[in-house]
Amino acid sequence: MKRAVVVGSGAREHALAWRLAQSVEVVVTPGNAGIAAHGIACVDVPASELDADLFVIGPEAPLVEGLADRLRAQGKVVVGPGADGARLEGSKAFMKEFLTAAGVPTAAYGAFTEAGPALAFLATMTPPYVVKTDGLAAGKGVLVTDDLDAAIADVREKLSGAAFGAAGTTVVIEEGLSGEECSLLYLCDGTAATALAPAQDFKRVGDGDAGANTGGMGAYAPMDAARGPIESAVRETIVVPTLAELARRGIDFRGVLYAGVMLTASGPKLLEYNVRFGDPETEAIMAVVDGDLFEPLRAIGSGKGAPLIASAGYAVTVVLASPGYPEHPRTGGVIEGLGADGQLAAPLADVVVFHAGTARDDAGQFVTAGGRVLAVTATGPSIDAARALAYVACARITFEGMVMRTDIAATVSGS
Ligand code: AMP
Ligand code: GLY
């Protein structure tokens, strides 16, 4: 039987491993307690010491550090760009320069290392003000505000290095865009790109998009509003010029190019690139993948085409997070409602509980072990059906101080 290794330890990796395990043997490194409980092998061994027909790297940090390059140097087939391509996510200043060179529509911006020029540029902008940390910040380095004083304070704090260390010592200040956001994930084989089911994630911690930006509190797929003409426009104005610019720079991008797109009144504009599967979008997308996932991923890792992956039905993912998330999550709480396999103790058809941050205590009970704890995912024939089922499932799980949005996918147009 063919074998795949998934690198990472969150709910995204759980979802990828769960889907791949429907056709091949899967090992996750290092994985987590919930993935192991679900019957998927987890080993705490570096990927370079494992053998497999396919390696899928989940998180951005190892990509930015060159893990895909090291594995390819060993002759392995890898889904994930090398360090050169990963800079699209690793540095927002690089990404914006790349987009400008490629002619991709995106927010106007300036990148600064000194407060004086940064604040002078900020003074020329109109609200909402957008201030970003240059480097990786786990989705938490972005401030969007109408309050100029708050934006000024944020620029000073980021440049001081207090909030994000070295990652924050360059700031990017952007024009504020408005519209619906969507996450379009493309499988790239270095030359061609095919879209997975479009998804939407919910980044703010509170209902109605209130509160701080997080890694993502929920998602749904497919996002029908991003299909058809919008998908064509994104391909034409964003993806095709990006592939051309990658080729021009000699970057052989084999992996997932995740376009975070704002659907503005003047057309789709790129907010950001990620160079990996989105989290929690992937939990929803994997639940609607129709057919085998292994061979298409192996094709893109081998640079041999980007086969279309079809989707069937709809999925909604609701994240259950620890109290205090995202600023100061408190972990260690006992999770009620899960069985020994980490799934619902009282099972529901068409529901999967992906584990983001869990561990087992001495008594074998699941306990919270991260900011995001579980990504409860349900499928159905419509967004409404999938959402209703996801919340029925969430009601069967409790832990002290559990943080959950109640409005994931609640106002999806056309649902
Ligand atoms: P990023 O990590 O760059 O995707 O930013 C996180 C979130 O901040 C995005 O998903 C948007 O909701 C918001 N955001 C980022 N850039 C802008 C912008 N230029 N205008 C409005 N909102 C933005
Ligand atoms: N859901 C946003 C991300 O994966 O970055």
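The values are calculated or read from the model by the stated rules, or taken from the named source; none is laboratory data. Everything numeric here is computed off the predicted structure, so don't read it as measured data. Neighbour counts run over all protein chains shown; Cβ positions are idealised from the backbone, glycine included. Keep in mind that these areas ignore ligands, DNA and RNA; they rest on the heavy atoms of the full protein, side chains included. Shrake-Rupley method; radii C 1.70, N 1.55, O 1.52, S 1.80 Å.
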*asked:* Loop only by DSSP, 14 or fewer other Cβ within 10 Å of the Cβ. Give me the GluC sites (Glu not before Pro) in the stretch 1-92 that pass, ordered by residue number.
replied: Glu65
*Could you calculate the contour length gain from Ser382 to Arg249, that is, 0.36 nm times the residue separation minus the distance between their Cα atoms, to one decimal place in nm?*
43.6 nm
_Step by step: find N for the stretch 211-368, compute 2.2 N^0.38 Å, then divide the Cα radius of gyration by it. What's the final number?_
1.27
_Given N residues in the stretch 1-142, what is its alpha carbon radius of gyration divided by 2.2 N^0.38 Å?_
1.33
_Suppose accessible area is computed on protein heavy atoms with a 1.4 Å probe; arrange Glu114, Glu400 from highest to lowest._
Glu400, Glu114
_Members of Lys96/Lys304; Lys92/Lys304; Lys76/Lys132; Lys92/Lys158; Lys76/Lys304 lying beyond 26 Å, as alpha-carbon distances in this model show_ = Lys96/Lys304; Lys92/Lys304; Lys76/Lys132
*Between Ser178 and Thr113, how many nm apart are label points set 7 Å from Cα along the C-beta direction?*
3.6 nm
*Per residue, how much accessible area does the chain have with a 1.4 Å probe, in Å²?*
37 Å²
*Expressed in nm to one decimal, what extension gain is obtained for the pair Ser23 and Asp44 from 0.36 nm per residue of sequence separation less their Cα-Cα distance?*
5.3 nm
_Selected from Pro117, Ala107, Ser91, residue furthest toward positive end of dipole (the stretch 31-188; charges at beta carbon)_ = Ser91
*Identify the residues of the stretch 54-85 with backbone N under 17 Å of a label point that sits 7 angstrom from the Cα of Glu295 along the Cα-to-Cβ direction, or state none.*
54
_Quick check: net charge around Arg405, other residues with Cβ under 14 Å of its Cβ, Lys/Arg +1 and Asp/Glu -1?_
0
*Can you give the net charge of the other residues whose Cβ lies under 15 Å from the Cβ of Ser302, counting K and R as +1 and D and E as -1?*
+2
*Provide the net charge surrounding Leu246, with neighbours chosen by a C-beta distance below 13 Å and charges set as Lys +1, Arg +1, Asp -1, Glu -1.*
0
*Between the stretch 140-154 and the stretch 185-235, what is the C-alpha centre distance in whole Å?*
24 Å
*Please work out the FRET efficiency for the pair Ala233 and Glu336, using the Cβ-Cβ distance as r and a Förster radius of 35 Å; give the result to the nearest 0.05.*
0.15
*Return the distance in nm (one decimal) between the two label points of a simple spin-label model at Thr411 and Asp207, each offset 7 Å from Cα along Cα→Cβ.*
1.3 nm
_Taking all protein chains in place and a 1.4 Å probe, what share, in percent, of the accessible surface of the chain do carbon and sulfur account for?_
53 percent
*asked:* What does the extension gain come out to for Gln74 and Ala310, with contour length at 0.36 nm per residue minus their alpha carbon separation?
replied: 81.8 nm
*Based on DSSP H runs of at least 4 residues, each adding -39500 (n - 2.57), what is the mean residue ellipticity at 222 nm of the chain after dividing by all its residues, to the nearest 500 deg cm²/dmol?*
-7500 deg cm²/dmol
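For the stretch 167-211, what is Rg from Cα atoms divided by 2.2 N^0.38 Å, rounded to two decimals?
1.65
What is the calculated FRET efficiency for Ala363 to Val240, with r their C-beta to C-beta distance and R₀ = 60 Å, to the nearest 0.05?
0.60
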*asked:* Ignoring solvent entirely, what values of log10 I(q)/I(0) come out of the Debye formula for the chain at 0.07, 0.12, 0.14 Å⁻¹ when each Cα is a single scatterer?
replied: -0.31, -0.96, -1.33
